[in-house]
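Colleague: Take this structure first; my questions come after.
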């Protein structure tokens, strides 16, 4: 199995961040293979036709995508972990600077590739393709996606404080678990262990179904993980009808979303409602003692009380 050996300083200094290029790469995978996770089916239907027409105009594009995005791997030169705060332009510039021989070797790492990919502009073509995916399919929705990813990061940080690194990492993505003694299993593949020492480790949410790992040797590593299903679905899941009739649809939805503590900004991103509406719902729920609030850094997080928890649980799973 694939294992990273992580010293305590690397883990303590690790960070959650958002990466535009990572999301463009995740969306390229969805457009090419069509296995959309919950919340992405409508997006896929809206963009897959234009994507296929674009791909048909150049015979190099399909073999490039199929070699770069395999079932077990993503080509290293496309999945370089970002520097904190990188823009899409900075991330794409790194892809474009990849020597053609390096890009071709990365594509060949997991199997043979089409002869048409042995070309001097290989990295440039890959960057152009990712830029097209970003411009035509991701950028129009990026503000919402970014808010949801940031909401997911806050929820993960809250979970980390509540249950610790072991449980938080075990829940991050399929196939990942903390083995103890500084060992993090990143996948089930038969690869030699890799030691991360004096390195930067990033955790990056995306719309990918399973995620992947990435690195720029020797000092930068990243785990790309799927944003939680609830956060990936615009508007979240509908609250139980009986609860909506009792509290009103907006307040019921707000209460049901608080499975983990959330801020007003996160609730706005998840529901699509205005800040004023969310504030009014929370005031009513506070007055009814169905939620409480506490400060976490610069944010105020809302969470269900025991009464609120019982109300949501009994309506989600009513007794016959």
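The values are calculated or read from the model by the stated rules, or taken from the named source; none is laboratory data. Predicted model, so just to flag it, every value in this text is computed and none were measured. Cβ coordinates were reconstructed from backbone atoms using ideal geometry, including for glycine residues, and neighbour counts include every protein chain displayed.
Colleague: Give the residues of segment 37-74 that are without any contact (Cβ under 8 Å) to a residue 40 or more places away in the chain and crowded, with 17+ Cβ neighbours inside 10 Å, sorted by residue number.
Modeller: 44, 55
Colleague: Has segment 208-221 got any residue that is under 30 Å from residue 312 (Cα atoms), surrounded by fewer than 21 Cβ atoms within 10 Å (Cβ to Cβ), out of contact with any helix residue (DSSP H, G or I) (no Cβ under 7 Å at 6 or more places or on another chain) and touching a residue at least 60 places away in the same chain (Cβ under 8 Å)?
Modeller: The answer is yes, given that some residue of segment 208-221 is under 30 Å from residue 312 (Cα atoms), surrounded by fewer than 21 Cβ atoms within 10 Å (Cβ to Cβ), out of contact with any helix residue (DSSP H, G or I) (no Cβ under 7 Å at 6 or more places or on another chain) and touching a residue at least 60 places away in the same chain (Cβ under 8 Å).
Colleague: Does residue 130 satisfy the criteria of being in a helix (DSSP H, G or I) and either more than 16 Å from the chain's Cα centre (by Cα) or in the same structural domain as residue 87 (by TED's automatic domain parsing) (or both)?
Modeller: Working: in a helix (DSSP H, G or I): yes; either more than 16 Å from the chain's Cα centre (by Cα) or in the same structural domain as residue 87 (by TED's automatic domain parsing) (or both): yes.
Yes; evaluated as a whole, the condition is true for this residue.
Colleague: Give the residues of segment 75-87 that are farther than 23 Å from residue 143 by Cβ and buried (at least 22 other Cβ atoms within 10 Å of the Cβ), sorted by residue number. Spell out how you get there, then give the answer.
Modeller: Here is the first cut: in segment 75-87, the residues farther than 23 Å from residue 143 by Cβ are 75-81.
Selection gives 75, 77, 78, 79, 81.
Colleague: Would a scan of segment 9-27 turn up a residue that is free of Cβ contacts under 8 Å to residues at least 60 places away in the same chain and farther than 24 Å from residue 154 by Cβ?
Modeller: No, segment 9-27 has no match at all.
Colleague: Oh, and also: Out of the residues in segment 22-45 that are over 29 Å from residue 190 (Cβ atoms) and at pLDDT 95 or above, state the one that is farthest from the chain's Cα centre (by Cα).
Modeller: Ranking the candidates gives 31 first.
Colleague: So, one more: Within 30 Å of residue 110 (Cα to Cα) and crowded, with 20+ Cβ neighbours inside 10 Å - does that describe any residue in segment 240-253?
Modeller: no
Colleague: Related question: How do the strands (runs of 3 or more DSSP E) wholly within segment 197-254 filter down when requiring 2 or more residues that are modelled with pLDDT of 95 or more: which remain?
Modeller: Working: elements: 200-206, 212-216, 220-226.
Filter on segment 197-254 gives 200-206, 220-226.
Colleague: Another question, if that's okay. Of all residues in segment 125-140, which are surrounded by 15 or more Cβ atoms within 10 Å (Cβ to Cβ) and over 23 Å from residue 77 (Cβ atoms)?
Modeller: Answer for segment 125-140, where residues must be surrounded by 15 or more Cβ atoms within 10 Å (Cβ to Cβ) and over 23 Å from residue 77 (Cβ atoms): there is none.
Colleague: Where residues in segment 141-154 are over 12 Å from the mean Cα position of the chain (by Cα) and surrounded by fewer than 20 Cβ atoms within 10 Å (Cβ to Cβ), which of them is nearest to residue 94 (Cα to Cα)?
Modeller: As a first pass, look at segment 141-154 and keep what is over 12 Å from the mean Cα position of the chain (by Cα): 141-144, 154.
When the remaining residues are screened for being surrounded by fewer than 20 Cβ atoms within 10 Å (Cβ to Cβ), the result is 141-144.
Values: 141: 24, 142: 21, 143: 24, 144: 26 Å.
So, considering only residues that are over 12 Å from the mean Cα position of the chain (by Cα) and surrounded by fewer than 20 Cβ atoms within 10 Å (Cβ to Cβ), the one nearest to residue 94 (Cα to Cα) is 142.
Colleague: OK, next. Go through segment 88-108 and report how many residues are exposed (fewer than 13 other Cβ atoms within 10 Å of the Cβ) and either on the phi > 0 side of the Ramachandran plot or part of a loop (DSSP other than H, G, I, E, B) (or both).
Modeller: Qualifying residue count for the region: 2.
Colleague: Go through (1) modelled with pLDDT under 90; (2) out of contact with any helix residue (DSSP H, G or I) (no Cβ under 7 Å at 6 or more places or on another chain); (3) assigned to a helix (DSSP H, G or I) for residue 165 and report which single condition fails.
Modeller: (2)
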